[in-house]
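The values are calculated or read from the model by the stated rules, or taken from the named source; none is laboratory data. If you're wondering where the values come from, they're calculated on a predicted model, not measured in any experiment. Glycine also receives a Cβ, built like all others from the backbone with ideal geometry; neighbour counts cover every protein chain displayed. Note: areas computed on protein heavy atoms with side chains; ligands, DNA, RNA excluded. Shrake-Rupley method; radii C 1.70, N 1.55, O 1.52, S 1.80 Å.
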Amino acid sequence: PRLDPVAASRLLENLAAEIRKVRIDFTQHSESYYFQEEDPDLSLARQLPYALALHDTAAASAVPELQISAAQLSKALEQLTAKLDDEFLGAGGDLNNVLAAYAQDHGRTPRS
């Protein structure tokens, strides 16, 4: 079932907040990058491309609340991928390249 725009917006904002926490964790505890989740469904490296797909869908919406939430999610994803690229990957390029490099580095197939 489809969520109403307010509920969907709230979910995107919560996702952005969690992604910001991950960036902080990588900043304060860089060794956590090297720990890999055994369950692929719980793997951040596998799930981040899906977060980007959610962003793209919300950003394309005509609903202002979803566009605002998409912008917050975009900022969180940009900050996280910049951290990943600068500190661990050196993949360069756009957000998609960094997410793909992160998934590959952790032996995961990105969820799309």
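Mind checking which pairs have a first residue in the range 66-92 that is closer than 14 Å to ARG20 by Cβ and open to solvent by less than 50 Å² (accessible area, probe 1.4 Å) and a second that is β-branched (Val, Ile, Thr) and assigned to a helix (DSSP H, G or I), Cβ under 7 Å, 6 or more apart or different chains? Taking only residues 6 or more apart or on different chains, the pairs are ALA76/ILE19; LEU77/ILE19; LEU80/ILE19; LEU80/VAL22; THR81/VAL98; LYS83/THR27; LEU84/VAL98. Taken over the range 95-107, residues that are at pLDDT 90 or above and either open to solvent by less than 40 Å² (accessible area, probe 1.4 Å) or not polar (S, T, N, Q) (or both) amount to 9.
Within the range 62-72, one or more residues are at pLDDT 95 or above and either hydroxyl-bearing (Ser, Thr, Tyr) or farther than 20 Å from VAL6 by Cβ (or both). Filtering the range 1-41 to residues that are at pLDDT below 90 and either assigned to a helix (DSSP H, G or I) or more than 22 Å from PHE88 (Cα to Cα) (or both) leaves PRO1, ARG2, LEU3, PRO40, ASP41.
Residue pairs whose Cβ atoms lie under 7 Å apart, separated by 6 or more positions or on different chains, with the first residue in the range 1-18 and in contact (Cβ under 8 Å) with a residue 40 or more places away in the chain and the second acidic (Asp, Glu), are PRO5/GLU65; VAL6/GLU65; SER9/GLU65.
Of all residues in the range 42-63, those satisfying the criterion of being surrounded by 13 or more Cβ atoms within 10 Å (Cβ to Cβ) and part of a loop (DSSP other than H, G, I, E, B) are SER43, SER61, VAL63. Give the residue that is nearest to ALA8 (Cα to Cα), with candidates limited to residues of the range 73-95 that are touching a Leu at 6+ places or on another chain (Cβ under 7 Å) and of a type outside the set (Asp, Glu). My answer is LEU73. Considered as a group, the residues in the range 4-25 that are among the basic types (Lys, Arg) and surrounded by 16 or more Cβ atoms within 10 Å (Cβ to Cβ) include one that is nearest to GLU87 (Cα to Cα), and that residue is ARG23.
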